[in-house]
1. Going through the cross-link list B:Lys81/B:Lys380; B:Lys123/B:Lys194; B:Lys290/B:Lys380, which pairs have a Cα-Cα distance over 30 Å in this structure?
2. Rounded, prolate or oblate, given the Cα gyration tensor of the stretch B:4-262, with a/c below 1.5 counting as rounded?
3. Quick check: the distance between the Cα centres of the stretch B:208-284 and the stretch B:51-125, to the nearest angstrom?
4. Is the C-alpha gyration tensor of the stretch B:232-290 telling us rounded, prolate or oblate? Criteria: a/c under 1.5 is rounded; beyond that, a/b larger than b/c is prolate, otherwise oblate.
5. Quick one: net charge of B:Leu205's neighbours, Cβ under 12 Å, K/R +1, D/E -1?
6. Can you list residues whose amide H is under 5 Å from B:Val298's amide H, if they're 5+ apart or on another chain and H is modeled 1.01 Å from N?
7. For B:Ala36 and B:Arg14, what is the calculated FRET efficiency with R₀ set at 25 Å and r taken between the beta-carbons, to the nearest 0.05?
8. Average partner chain C-beta neighbours within 10 Å, per residue of A:26-34?
Amino acid sequence: MAISRAEVEHIARLARLGLSEEEMEALTEQLGRILAHMEVLRQVDTRDVPPTYHVLPLQNVLRTDTVQESLSQEAALRNAPQAEAGAFKVPKITEG
Amino acid sequence: MSATTKLTATRLNRLFLAGELSAEEIVEAYIERIQAVDGQVGAYLTVTAAEARERARKLDARRKAGDTDLGPLAGVPIAIKDNICTQGIRTTCASRILENFVPPYDATVVSRLQAAGAIIIGKTNLDEFAMGSSTENSAFQVTRNPWDLSRVPGGSSGGSAAAVAADLCAAALGSDTGGSIRQPAALCGVVGLKPTYGAVSRYGLVAFASSLDQIGPITKDVADAALLLSVIAGHDRRDSTSHPDADRLQRIQLSGDASLSGVRVGVPREYFAQGVEPGVRQAVEEAIAKLRELGATVDEVSLPHTEYALDAYYIVATAEASSNLARYDGVRYGLRAEADSLLEMYLRTRQQGFGLEVKRRIMLGTYALSAGYYDAYYKKAQQVRTLVIRDFEAAFRRFDVLVAPTSPTVAWGLGERVEDPLAMYMADILTLPANLAGLPAISIPCGLSQGLPVGLQIIGRHFDEPTVLRVAYAYEKATQHHQARPALGQ
């Protein structure tokens, strides 16, 4: 099953990924080939087989809710592309 | 060229502690070697010469002052794959999006190495975000195989493996999601160990696929792999997937017993089928004969779902990657492309910051997780994963370890597979099942084919690194393959 150009555009939008015309074309072809290869999994009978999300039986790793040392605000902001007044700065997200 | 850079980590540490080599002499020997040779190899993205010299002076002063608790890696220069955070030292993941990222903290493995006296000598090249099998997906530079500069070093930890093979560090750390430690170790003729999932803390490892990623050592011999593992393994409260049993691995002792009597070795027949080169097959079959000679019992075994592992892996890995890489949005760190709206800022930042393979995987993963396709791809892949795990469980009821080639081929030519993502994905076909199952696996040199190194892979049960290392060590002691080194710059 090949993937359509429209689907590739839709997926790129979901992934918040800008793509050039050239990339869009290359990915449509390549994803189609890779997904076609993945069709092989349909041959496997997985009725009543539970999915594995984690390979070791660790569940509910908890710790006590106590104050611990953490990054200073200054260190946390040091890599920010833009920061102001102790906060990350982003383009305006509301109208008006 | 200095003989110092040829020494193992174990030996360097002994010479340093005995006062026969100062840490400064050791560091200078490596910096000289890097200056002489790394222009050809391209293993390092960052060489931390100033920090390494400073640290060496401190170690020398402590030793002279009579400090006897300097650590099992004191005086040993170690390279770190550039997807592992180093405080105050640029950590790029070989991506434009993190080109200027300077972590505010050290990864747990880096802290552990330093507590053991190690000297960080630099950060090594990789496929962008560890996505690739040849290191050619780096946004910054090509790394060449020290055995033949026209060939790839493997990947994604190609910089670390090439650095160890070319004597540009005593040992290195890599990360392994589908073979990224073992495959480059095999192609560069060195030792690479992927520990059990949960054995080594991933705090400070930039996440690629969280149910698969594991940090491990790349070294010149098996004893060094055991030494580094004992230093970096252990439970860490900062990594919720870190396992309480991990502390056991801090006390690994290699047995001096050369015999493998009583060890049951399984040879999975499916690992000798799919596109394994004759030269690779021959070297591995000779290695299996050697294990038998050493007293192991050897028998064939079937892992029937092997042929489905590749596709299941690439669904799981890309799905997790698409989620993990959502954090690169131009807000808190990394590249930001300016735009008037937030959405446009996201789109442009990620378009400019990510390379094509990363985009391909984000797209594939997003597709596999998207409405309408989740059951057919992601859930199906995780069910197939269960079947791959059951194959291993059945095999380990009869055998203590499984042995196979690490890579179906020796190192291929630079550029040969760049245009064909599926051919590149095939490079991991023999290594990724161990990641799907979370099992420990090592690659050790087992000879040459066409003048290029071949790796023998040994896979063990969860947290049974001691048996994996025992088999590897016995084989290494009985052969000379690990002593073969490229002629580069000698």
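The values are calculated or read from the model by the stated rules, or taken from the named source; none is laboratory data. Here the structure is a predicted model, which means the values were calculated and not measured. Virtual Cβ from ideal backbone geometry, glycine too; neighbours counted across all protein chains shown. Areas reflect the complete protein model, heavy atoms only, side chains present, ligands, DNA and RNA absent. Shrake-Rupley method; radii C 1.70, N 1.55, O 1.52, S 1.80 Å.
1. Details: B:Lys81/B:Lys380 33 Å; B:Lys123/B:Lys194 19 Å; B:Lys290/B:Lys380 40 Å.
Exceeds cut-off: B:Lys81/B:Lys380; B:Lys290/B:Lys380.
2. rounded
3. Answer, in whole Å: 23.
4. Details: a/c = 3.31, a/b = 1.70, b/c = 1.95.
Oblate is the answer for the stretch B:232-290, as a/c is 1.5 or above yet b/c matches or exceeds a/b.
5. Numbers: positive: B:Lys81, B:Arg202, B:Arg238; negative: B:Asp82, B:Asp106, B:Asp176, B:Asp213, B:Asp236, B:Asp239.
Summing Lys/Arg as +1 and Asp/Glu as -1 gives -3.
6. B:Val265
7. Values: r = 26 Å, r/R0 = 1.03.
Here the calculated transfer efficiency is 0.45.
8. Mean partner-chain Cβ count within 10 Å for A:26-34: 4.
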